[in-house]
Amino acid sequence: MAFGEKLQTLRKTKGLSQEQLAAELSVSRQAVSKWELGESNPDLEYLIQLSEFFNVTTDFLLKENVKSPLPEPVPVQKDHALTAQILFFGATGFLLIGLLLAFGGWYDQQTGVAIVGGMIVQVVGLAGYFIGRLLAGAEPAVWLQITNLAIGLFMPASMLSSLVTGRVISPYPTDIFTVLPFGAFYAVMLAASIWAIKKMNSKTGN
C-alpha cells in the first residue's frame, strides 16, 4: 500500500476529514489532499508529526512491505447503504415537489406566505439528503448532486434576484423579457453553482 493510501486509511480510521487533519498539522487541506493522491510527499517534519499523531512508525508510513498495525476497516452495512440511496432519491423528489408547490402557491396568490409550504417541503428534502450522506459515509453520485443543486438553488436564486432588482419576491423569474432581473437570476444561479462545484471538488478524497 502506497503512502497516500495509508494516510487516507489512517485518517478515516480516526474519523477525520482532510480539513481536520490539516488543522492538526497546521498545513492546508490541499497539502493533505496531494499527499493522499500521491502528488507530493510530506517533509520529514510532517512525517514525524503524522507518525506520532496516528501512533504508527515512520517505517510503516514509508515502506510498502510493513504490516499495517490497524484492523481492516469495517465496510458500511448494506442496509445503511440502501437506506442512504433511498434518502438521496427521496430528497430529490421532495426538492422538486417543494419547488412545484411554491410555483403553484405563488401563481394563485402572489404572496410570500403562499410559497412557505413549498419551502418547508424542500427543507425536509435537504434533511433527508444530509441524513443519507451520514448513513452512507460518502457523497452520492455526481449527477444526483448536480440535480439536487439545480433544484435546490432555483427558488433562492429567483427570490434573491427579485430582491436585488427591486421586484416582487417570487419563486421563479417573472419578468423573463426584462434583462436586469432575469440576468440577475442567472448570475446568482451561476455564482452559487460555481461555489458549490468547487466545494465538491475540494472534497475529493474525503
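Can you sort 119, 1 by 1.4 Å-probe accessible area, starting with the largest? Show your work: numbers first, answer last.
Numbers: 119 75, 1 110 Å².
Ranking 119, 1 by accessible area, largest first, yields 1, 119.
Only protein heavy atoms count here; under a 1.4 Å probe, residue 92 has an accessible surface of about 20 Å².
The values are calculated or read from the model by the stated rules, or taken from the named source; none is laboratory data. A quick note: this is a predicted structure, and the numbers were derived from the prediction, not measured. With ligands, DNA and RNA removed, areas are computed over all heavy atoms of the protein, side chains included. Shrake-Rupley method; radii C 1.70, N 1.55, O 1.52, S 1.80 Å.
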